[in-house]
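**Q** This is the structure, below, for whatever I ask next.
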Amino acid sequence: MPINEVIIVRRCGHCRYEMGTLTVKKDNMRLMTRELAWCENCEADVPEVRDIADREPTVLAEQASYPGNPPMEDVSAAEFRQRKAAARDA
Ligand SMILES: [Zn+2]
């Protein structure tokens, strides 16, 4: 992946359910959005939050240290989906 692109994880603003990922240019990066998105978990239109899914630990550590930024589960998007599928099947 080119260095000027970042993966954004879209999450439910209520329950942090992962709704998908986006790959965007850093120049165009918008972490704030006013658009509502459908959350399967809440079964409602919810405010969307976006996190940078950067693999660099330093970036994650920086994010974690931001005040008001809730701790994020340290799992990859793929693993998150696996867990989600497992939970659904249970
Ligand atoms: Zn939700």
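**Q** Quick check on the range 9-41: of everything there that is at pLDDT 90 or above and β-branched (V, I, T), which residue is surrounded by the fewest Cβ atoms within 10 Å (Cβ to Cβ)?
**A** It comes out as T21.
**Q** Please count how many residues of the range 1-36 are closer than 18 Å to A77 by Cα and of a type outside the set (K, R).
**A** Summing the residues that are closer than 18 Å to A77 by Cα and of a type outside the set (K, R) in the range 1-36 gives 18.
**Q** In the range 24-44, is there at least one residue being under 10 Å from the mean Cα position of the chain (by Cα) and either within 22 Å of A87 (Cβ to Cβ) or part of a helix (DSSP H, G or I) (or both)?
**A** Within the range 24-44, none of the residues are under 10 Å from the mean Cα position of the chain (by Cα) and either within 22 Å of A87 (Cβ to Cβ) or part of a helix (DSSP H, G or I) (or both).
**Q** Another question, then. Inside the range 45-54, can you point out the residues that are within 15 Å of the ligand (Cβ to nearest atom), of a type in the set (D, E) and either surrounded by 13 or more Cβ atoms within 10 Å (Cβ to Cβ) or within 18 Å of R83 (Cβ to Cβ) (or both)?
**A** E48, D51, listed by residue number.
**Q** Take the conditions assigned to a strand (DSSP E or B) and away from the ligand (no atom under 16 Å from the Cβ) and apply them to V9. Does it pass?
**A** Spelling it out, it is not the case that V9 is assigned to a strand (DSSP E or B) and away from the ligand (no atom under 16 Å from the Cβ).
**Q** Sticking with this structure for a sec: Out of (1) assigned to a loop (DSSP other than H, G, I, E, B); (2) loosely packed, with under 12 Cβ neighbours inside 10 Å; (3) modelled with pLDDT of 85 or more, what's the single condition that is false for A86?
**A** For A86, the failing item is (1).
**Q** Tally up the residues in the range 4-16 that are over 10 Å from A37 (Cβ atoms) and in contact (Cβ under 8 Å) with a residue 24 or more places away in the chain, please.
**A** 7
**Q** Would you check if R16 is in contact with a Lys or Arg (Cβ under 8 Å, 6 or more places away or on another chain) and charged (D, E, K, R)?
**A** Taking the combined requirement at face value, the residue does not satisfy it.
The values are calculated or read from the model by the stated rules, or taken from the named source; none is laboratory data. Owing to the predicted nature of the structure, the values given are computational and were not obtained by experimental measurement. No Cβ is skipped: glycine too gets one built from the backbone with ideal geometry, and neighbour counts run over all protein chains shown.
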